[in-house]
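The values are calculated or read from the model by the stated rules, or taken from the named source; none is laboratory data. This one's a predicted model, so the numbers in the text were calculated from it and none came from an experiment. Backbone-built Cβ (ideal geometry, glycine too); neighbour counts: all protein chains shown.
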Amino acid sequence: MSGRREEILDAALAIADERGLEAVSMRALAERVGVTPMALYRHVKDKAALLDGMVGRLLSALLPTDGGGGDGGGDDSALAGEEPTWDQRLDALAHACRAVTQRHPWAAHLLFSRPAVTADAVRAVDIIYLALIEAGVPESEVPRLERLISTFVIGFAASEASGRFTPGGLDPRGRRGQLPAGELPGHSRVGRWLDLPVDLTAEFEADLADIRRMVVGAAARGGE
């Protein structure tokens, strides 16, 4: 990626951080970098390409730099110079994605809505493919599991960033528009658990552990 294109994409990220994703436009971006809107088209041909470039710029933070994870942090084996195992690479990528959306709360929606078409975005997907293959998952099952894992990680990050996981009132009727008593039997059964203090980091780790078990199970079924 050219230095000028990086500067433009970083400026777009800064605008989104300051004023929200909806404030990112070719005109606003041109003003930020001090050029005419037409001058931007040498680097990003239109708004769609700009958004795709922003996705790639965000996902570049997920890519390993020295055998470990991206900005979300590696692990002790990577620091010791050892090659991370498949599950360590998946965990590092998931942690890096969550860290990106914590720094840029608007980013989860963008990651959900844009395809992985830039070089960095495709490299991030390839990390998941290779981890699943190394785990022993049949190649025919790899794309499906990648979609499942990516959807979970980005969905968790999006829900966390939007406040969807914020506990509400204990009364289940208050959660669903004051429905008559008895219409939410599931809520009634688990009501006492709904409003306990939520440790989202612990929940994220537990979910990743479930994903690792799912991958191991898929690999085992493929070997039958």
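Of all residues in the stretch 98-130, exactly one satisfies the criterion of being touching a residue at least 60 places away in the same chain (Cβ under 8 Å) and closer than 23 Å to Gly217 by Cβ, namely Ile127. Of the listed requirements (1) surrounded by 14 or more Cβ atoms within 10 Å (Cβ to Cβ); (2) within 13 Å of the chain's Cα centre (by Cα), Ile127 misses just one: (2).
One line per residue, one yes/no per condition, for (1) at pLDDT 95 or above; (2) within 10 Å of Gly56 (Cα to Cα):
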residue	(1), (2)
Trp106	no, no
Leu111	no, yes
Thr118	no, yes
Ala121	no, yes
Pro138	yes, no
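Applying a threshold of 8 Å to beta carbon distances and a minimum spacing of six or more residues, or different chains, the list of pairs starting in the stretch 198-209 at a residue that is assigned by TED's automatic domain parsing to the domain that holds Ala99 and ending at one that is not aromatic (Phe, Trp, Tyr) reads Val198/Pro167; Leu200/Glu160; Phe204/Ala94; Phe204/Arg98; Leu208/Leu90; Leu208/Asp91; Leu208/Ala94.
Just give me the residues in the stretch 1-24 being within 21 Å of the chain's Cα centre (by Cα) and among the β-branched types (Val, Ile, Thr), in sequence order. Hits for the stretch 1-24 are Ile15, Val24. Scan the stretch 8-38 for residues that are more than 14 Å from Leu110 (Cα to Cα) and small (Gly, Ala, Ser) and the total you get is 6.
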